Each structure stands twice: as structure tokens, then as C-alpha cells.
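What follows is a set of notes on a single structure, which appears directly below.
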Amino acid sequence: MKKKAKGFTVIELIIASAILLIVLGIIYNILKVNNGMLSEVDIKSTLQIDGETIQRDISKVGMQSTGITDCVTGSGINQYGSQYIVDMTYDEFNTRQNADKISQIKFNYVTESGNETYTVKYDEANRTLTGLIGNASSGKTLSANVESFKINTVDNQNNTLRSCTYVQFDILLKKKVGVTQAEYPVSILVKFRNKN
């Protein structure tokens, strides 16, 4: 009588290896999908925090302002010919804004100690939005993930930026990490409470 040898046959090892590879493949896919979801949630959370910061700061300043005093385009222009951008009608302004993006909006900001200037500055190349008080050259970075920045008059299409009592900021935040990308739109409606 022959004794049966102890150990595994080649067939048994191949079957066990195949099952192990299938299980490892399933686990890898679950972890990969989970990691992608966590990454997207993290990016959206970051953009939401940026959006809340922008909304809080612009709303606070806007509501304590008498209105917009100046508007500058990306090429550093605040007037076309003899007409200042803040004195253009909505249609004129909208045409200019599409052609030459807005880079700065200045508010006359009313504080306890008197009037101050508050500037919202958009740097398209670096995708940053900054809030500057007074004549400061640097200020608080509101977000470093700004894809687009637009403003619109709301109360009357014939009003100019200088004379409007409401203004709407439409900001699109966008961030990409690896292959995961997320967008977060921010829309802020500001009423100038101290408008005369």
C-alpha cells in the first residue's frame, strides 16, 4: 500500500492563488473607489469653507457700505474713454465684463471710526480672491480656488454700479487634486444699507 504524500497538489495551489487574486482585486477596487470618494468630499468641503468665508466677508462689508465706488478690469482699466465702469448701465457693463474681466471692486465701507475703502481683488492668473481694507497692498485671502468672478446689478437694469442699491456676486470655486475635481458656485446678494 502506497502512502499518500502530505502537502498540496499543483492544482490546489493554482485554485487557491486564483481565489486569493480575485479577493485581493475586489478589496483593491473597494479601497480605490472609497479613496476617490473621500478625496472628492475633502475637496468639496474645502471649497464650501472658502465659499462661506467669501460670503461672510463680502456680505458684512457690503451691508455696511454706501455702495461701489470703483471698478477695475483685469488690464488695469477703470474707465473706457471718459466713462468710468461704475457709471455704465447694466448692458454696457455686462458687455465690458465679458470682454475684459473685472479684477477689483471698491466699496465705501462705513466703520465706527469713519469711512474706509474695502477692495475685493480678483487675480485671475493665480485664481485668488483677496479682501483689502484701506490702501493696504496685501490683505486677507478669501480663496485660492476662484475659477470665475462676476458681478451684476439686481435692482434695475438701467442702474449703474455706482447708483444701484443691490449687487449680486457670482463666483465659481474650482479645485482639482489628482484626477478628482470639484466645483462650488457661490452667489451673494448684497444690499447697500447705508446707501443715501
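Might you let me know whether segment 157-166 holds any residue that is among the charged types (D, E, K, R) and either at pLDDT below 80 or farther than 29 Å from LYS44 by Cα (or both)? Checked segment 157-166: at least one residue is among the charged types (D, E, K, R) and either at pLDDT below 80 or farther than 29 Å from LYS44 by Cα (or both).
Identify the residue in segment 58-87 that is aliphatic (A, V, I, L, M) and loosely packed, with under 15 Cβ neighbours inside 10 Å and, among all such residues, is modelled with the lowest pLDDT. Looking at the filtered set, the residue picked out is ILE77.
Go through segment 41-57 residue by residue and tally those that are buried (at least 16 other Cβ atoms within 10 Å of the Cβ) and either of a type outside the set (D, E, K, R) or more than 17 Å from LEU142 (Cβ to Cβ) (or both). Steps first, answer last, please.
Quick first cut of segment 41-57, residues buried (at least 16 other Cβ atoms within 10 Å of the Cβ) only: 43-44, 46-47, 50-51, 53-55, 57.
From what is left, the residues that are either of a type outside the set (D, E, K, R) or more than 17 Å from LEU142 (Cβ to Cβ) (or both) are 43-44, 46-47, 51, 53-55.
Residues flagged as buried (at least 16 other Cβ atoms within 10 Å of the Cβ) and either of a type outside the set (D, E, K, R) or more than 17 Å from LEU142 (Cβ to Cβ) (or both) within segment 41-57 amount to 8.
Every condition in (1) within 22 Å of LEU129 (Cα to Cα); (2) in a loop (DSSP other than H, G, I, E, B) is met by LEU189 except one, and the failing one is (2). Would you please name the residue that is farthest from LYS106 (Cα to Cα), looking only at residues in segment 125-142 that are surrounded by 15 or more Cβ atoms within 10 Å (Cβ to Cβ) and either touching a helix residue (DSSP H, G or I) at 6+ places or on another chain (Cβ under 8 Å) or without any contact (Cβ under 8 Å) to a residue 12 or more places away in the chain (or both)? Going through the qualifying residues, I end up with LEU142. Filtering segment 164-180 to residues that are more than 17 Å from SER59 (Cβ to Cβ) and surrounded by 16 or more Cβ atoms within 10 Å (Cβ to Cβ) leaves LEU172, LYS174, LYS175, THR180.
Considering only residues in segment 92-138 that are assigned to a loop (DSSP other than H, G, I, E, B) and modelled with pLDDT of 85 or more, the one that is farthest from ASP57 (Cα to Cα) turns out to be ALA125.
As for segment 29-40, it holds at least one residue that is surrounded by 11 or more Cβ atoms within 10 Å (Cβ to Cβ) and either part of a strand (DSSP E or B) or among the acidic types (Asp, Glu) (or both).
Out of the residues in segment 145-163 that are touching a Ser or Thr at 6+ places or on another chain (Cβ under 9 Å) and among the aliphatic types (A, V, I, L, M), which is surrounded by the fewest Cβ atoms within 10 Å (Cβ to Cβ)? It comes out as VAL154.
The values are calculated or read from the model by the stated rules, or taken from the named source; none is laboratory data. Quantities reported herein were computed from a predicted structural model and do not represent experimental measurements. Quick reminder, even Gly has a Cβ in these numbers, built from the backbone with ideal geometry, and neighbours come from all protein chains shown.
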